[in-house]
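Below: one structure, written as structure tokens.
The values are calculated or read from the model by the stated rules, or taken from the named source; none is laboratory data. Being a predicted model, the structure only gives us computed values, none of them experimental. Here the Cβ is made from the backbone with ideal geometry for all residues, glycine too, and neighbour counts use every protein chain on show. Side chains included, ligands, DNA and RNA excluded: accessible areas come from the protein's heavy atoms. Shrake-Rupley method; radii C 1.70, N 1.55, O 1.52, S 1.80 Å.
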Amino acid sequence: MLHDMMNTTDLVTAGVTSPVTTTEMSSFLQFNRNYMKYHGYISSIICLFGVISNIVNIIVLTRRHMVTPTNCILTALAITDMVTMSIYFVYAVYFYIITQPLDRYQHTEGWMYFIIVNNLAVITCHNMAMWLTVSLAVFRYIFVCHHVVANQWCSLARAKLTIILIVVVSIVLCVPNYFLYQVKDLSDFYELDRNATQNLTVSGYWIEKSDLVQNNPLYQPITFWIYGVIIKIAPCILLTILSTLIIMTMHQASVRRKRLLSQSNSRHNEEMSSEHNRTTMMLVMVVLFFVVTEFPQGILAGISGLNDTFFNQVYSNLGDVMDLLVLINSAINFLLYCIMSQQFRDTFKNLFMCSFVRNFNNGNLILKNGIHNNHYSTVKTEVTQV
């Protein structure tokens, strides 16, 4: 989000783009400049789909028969994803469609503050989503691997408490990010000599590193390490370990179940076990999709904390792609639920499809009654008016 802006902030006075010293780095820059033209449209479409689909997720998962500890966490995950994409949609439309990231001389102060707040809100909400996914994996691991104590350890009350703790801790972990940037008036920010400004009008506002960051060289690297390691890499490692344990336990249970079923021929137990396995695999897919999209970002953020050149020439130029991965990750869960959960599909159809059919049929019935009983309708209307 702010990656592309910070990649060009220090270079406006020179009238050039990012410094590129090798062919490899030039390819990153060139890719960023080419993709930037389409990012606003692609991300806006994904955001619209994601906001609508997550609203549907919330409606379905909060039905009375759907309320479980796992679905409670999935509901919180849908809320954080919806907030992330709602905020990003406004950012994408303004910064990539109405204007362009390289248009540095026309932004108002209000929009620049909005972009900073937007960036911080997305980082905080996505951090919540990461740790909600970890808690989801932990709950499912207990259900699958320690089912004897699962009802006690993974109750609905503990799921709600876990959500509250994640929200509070995520905000605390993201506090260092809140002091990274500040809004500056370009007319005061750049010290251009008379020859450089002779044919150039500098106006508007832009975003630069805060005074705290400029006065403390270690502040930004430490913040990047917190972001890369604690918010990205650590959750991905935990998710990978938990998913592996869950899959191994499911395989062992499947082997035992097949051996028992060959002796008992219990079809009912086989169907129940099959639905349980589908639900578990759905949650594992949610978890692994997080790992695939988040782990590379954590690695890049960690390297950026050690090397400013890498941040300016690689990480910043891949910022839009990383944002796109986050948006896809936030929007994909609805499709996974529909594909892999029979209960979710049935509830979704009963809520939306059946309601639409009933309303459509009722509308036709009312229309037919109105045609055949036009006199009665008129009399009733007149009496009502009186």
Legend entry - Every pair of residues 6+ apart whose Cβ atoms lie under 9 Å, when the first sits in segment 242-271 and is open to solvent by 70 Å² or more (accessible area, probe 1.4 Å) and assigned to a helix (DSSP H, G or I) while the second is modelled with pLDDT under 80 and among the charged types (D, E, K, R): 269/257; 270/257
Legend entry - Failed condition for residue 119, given (1) under 19 Å from the mean Cα position of the chain (by Cα); (2) more than 14 Å from residue 183 (Cα to Cα); (3) in contact (Cβ under 8 Å) with a residue 40 or more places away in the chain: (2)
Inset, instruction - Determine if segment 77-97 includes at least one residue that is polar (S, T, N, Q) and surrounded by 21 or more Cβ atoms within 10 Å (Cβ to Cβ). - result: yes
Legend entry - segment 138-165 residues that are polar (S, T, N, Q), paired with ones that are surrounded by 14 or more Cβ atoms within 10 Å (Cβ to Cβ) (beta carbon under 6 Å, 6 or more apart): 162/135
Inset, instruction - Just name the residue that is farthest from residue 329 (Cα to Cα) out of those in segment 206-221 that are assigned to a helix (DSSP H, G or I) and either modelled with pLDDT under 85 or touching a helix residue (DSSP H, G or I) at 6+ places or on another chain (Cβ under 6 Å) (or both). - result: 212
Inset, instruction - Kindly establish whether residue 75 is without any contact (Cβ under 8 Å) to a residue 24 or more places away in the chain, within 15 Å of residue 160 (Cα to Cα) and not small (Gly, Ala, Ser). - result: yes
Inset, instruction - Just need a number here: residues in segment 207-236 that are open to solvent by less than 10 Å² (accessible area, probe 1.4 Å) and more than 16 Å from residue 120 (Cβ to Cβ). - result: 4
Inset, instruction - Just need a number here: residues in segment 166-188 that are touching a residue at least 24 places away in the same chain (Cβ under 8 Å), out of contact with any Phe, Trp or Tyr (no Cβ under 9 Å at 6 or more places or on another chain) and open to solvent by 70 Å² or more (accessible area, probe 1.4 Å). - result: 2
